[in-house]
Amino acid sequence: MELTPLIPEHEESGGAWKVYVDGSSNNKGSGAGIIIERPKGVTIEHSLNLGFPTSNNQAEYEALIAGLKQAKEHGARKVQVFSDSQLVTSQIEGKYQDKGPLLMKYLSKVQEMMADSDEVQVTHIPQRENSRADILSKLASTKSSGNHRTVVQQSITMSSCVMVITWRKPIVDYLEK
């Protein structure tokens, strides 16, 4: 999905964008959850179904790569990425070594993307602090093949019962008088 940048680049010089990422893999599929928070305003949530088999660590890397890519597409220049994957964050920090050739390719791709950005910081956070991204990744990983899903989130500020009474009140008042 392609979106135009939310704001001109010069307006975002005040702070870093926060990007929360999580990957999920299970017997039904794989998914990525991404939450992008601008320094002043809008939060964007993505639930991405990965249409190919992955391990959980590969799904974590896919979420990170997609999060970096989407933040850049939206115009982010400084990015703080938060992930609950100890392996991924430790590999990026250079604390963990090789976990196989495929994960090393993922690491190389992330390092390339980070070098192409003004400023990127990747931080490990506890899973409880990444619950929204986790929910989005699980939602995407359980999507059935061919099942196109749209999640609409909204707030209802008044009870449906109260609204029924409210629209009837002028009529009842009229009839009573």
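The values are calculated or read from the model by the stated rules, or taken from the named source; none is laboratory data. Predicted model only: the values in this text are computed from it and were never measured. In this analysis, Cβ positions are derived from the backbone assuming ideal geometry, glycine residues included, and neighbour counts consider all displayed protein chains. Protein only, heavy atoms only, side chains kept; ligands, DNA and RNA dropped before computing areas. Shrake-Rupley method; radii C 1.70, N 1.55, O 1.52, S 1.80 Å.
Filter region 40-79 down to the residues that are surrounded by fewer than 18 Cβ atoms within 10 Å (Cβ to Cβ), in a strand (DSSP E or B) and of a type in the set (S, T, N, Q) and list them by number.
Scanning region 40-79 gives a single hit, T43.
Out of all the residues in region 17-31, which are under 18 Å from V88 (Cβ atoms), of a type outside the set (A, V, I, L, M, F, W, C) and buried (at least 20 other Cβ atoms within 10 Å of the Cβ)?
If the condition is that a residue be under 18 Å from V88 (Cβ atoms), of a type outside the set (A, V, I, L, M, F, W, C) and buried (at least 20 other Cβ atoms within 10 Å of the Cβ), then Y20, D22, G23, S24, S25, S30, G31 are the ones that fit.
Of everything in region 80-109, what is open to solvent by less than 90 Å² (accessible area, probe 1.4 Å) and assigned to a loop (DSSP other than H, G, I, E, B)? Give them in sequence order.
D84, S85, G94, G100 - these are the residues of region 80-109 that are open to solvent by less than 90 Å² (accessible area, probe 1.4 Å) and assigned to a loop (DSSP other than H, G, I, E, B).
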